[in-house]
Amino acid sequence: MFDVEGGRVEADEGTLARFEALRLSGKPALVFASHMGNWELPAVAAFKLGQPAAILYRTPNNPYIAADIVAMREPIMGRLIAAGMMAPIRMAEALDQGLTLGMLVDQRFGRGPRVPFFGHPVAANPFLARLAKRFEGAPVHGMRAIRLPNNRFRLDFTEALEMPRDAAGKIDVEAATAMVNRIIEGWVRETPGQWLWMHRRWRA
């Protein structure tokens, strides 16, 4: 257990050991999350544990609120990368610099591959898998913050995932995207009341 937010955040020894090993490696890494629990907390905890990171986020439409969010979050999260046309370049730059890149990946992405999610096909975000394919050797982890009773939280940082590969030995983007969605589906099944999603995830 470690002290974040007044000691209300805990993590088991495996999660802490994986964090430390990643930090000491100095290698870039890809970390995915979903709209589960307090989904911004993992980035705050990683920063506090000394993990240099860049976080992809959606910029609010109001430019004044957007500026306030950056001012509040960058000191406690690390580099923020606004989603948009330049985001892929900024994400690649962060990985080139050896940072850990974090992103939420449970959004609908109309141009993405259709993969199973709770028994129905969804258009899924393939960026994580595409970056993993480009930055061969960068480990891919999942991370979530689980709400506990009495205003407490538990961090879960998975082992590095073995990404599916095609016949040529390259990461298979569609299969890897499907695997990530299976993991998120498992998280939702464990704590369904902690998944916040109000959009039409399964629309054609």
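The values are calculated or read from the model by the stated rules, or taken from the named source; none is laboratory data. None of these values were measured; they are calculated from a predicted model. Reconstructed Cβ throughout: ideal geometry from the backbone, glycine too, with neighbour counts over all protein chains shown. With ligands, DNA and RNA removed, areas are computed over all heavy atoms of the protein, side chains included. Shrake-Rupley method; radii C 1.70, N 1.55, O 1.52, S 1.80 Å.
Taking P149 and the conditions (1) modelled with pLDDT of 95 or more; (2) open to solvent by 10 Å² or more (accessible area, probe 1.4 Å), which numbered condition does it fall short on, given that it satisfies the others?
(1)
Here's a check for you: in region 154-175, which residue that is over 17 Å from V105 (Cα atoms) and open to solvent by less than 30 Å² (accessible area, probe 1.4 Å) is nearest to the chain's Cα centre (by Cα)?
The qualifying residue nearest to the chain's Cα centre (by Cα) is L155.
Which pairs turn up if I take residues in region 54-76 that are in a helix (DSSP H, G or I) and look for partners that are at pLDDT 90 or above and among the aliphatic types (A, V, I, L, M) with beta carbon separation below 7 Å, at least 6 apart in sequence or on another chain?
Correct list of pairs: V70/L80; R73/L80; E74/L80; I76/V44.
Report every pair of residues separated by at least 6 positions or lying on different chains whose Cβ atoms are under 8 Å apart, first residue within region 25-43 and farther than 18 Å from K133 by Cα and touching a residue at least 60 places away in the same chain (Cβ under 8 Å), second surrounded by 16 or more Cβ atoms within 10 Å (Cβ to Cβ) and acidic (D, E).
Within 8 Å, the pairs are S34/D106; H35/D106.
Specify the residue that is modelled with the highest pLDDT; the eligible residues are those in region 26-50 that are part of a helix (DSSP H, G or I) and more than 25 Å from T177 (Cβ to Cβ).
Going through the qualifying residues, I end up with V44.
When region 135-146 is examined, which residues are found to be modelled with pLDDT of 95 or more and either open to solvent by 40 Å² or more (accessible area, probe 1.4 Å) or in a helix (DSSP H, G or I) (or both)?
None; the set is empty.
Only residues that are touching a residue at least 24 places away in the same chain (Cβ under 8 Å), open to solvent by 70 Å² or more (accessible area, probe 1.4 Å) and either in a loop (DSSP other than H, G, I, E, B) or touching a Ser or Thr at 6+ places or on another chain (Cβ under 8 Å) (or both): list them for region 77-107, please.
Of everything in region 77-107, just one residue is touching a residue at least 24 places away in the same chain (Cβ under 8 Å), open to solvent by 70 Å² or more (accessible area, probe 1.4 Å) and either in a loop (DSSP other than H, G, I, E, B) or touching a Ser or Thr at 6+ places or on another chain (Cβ under 8 Å) (or both), namely Q97.
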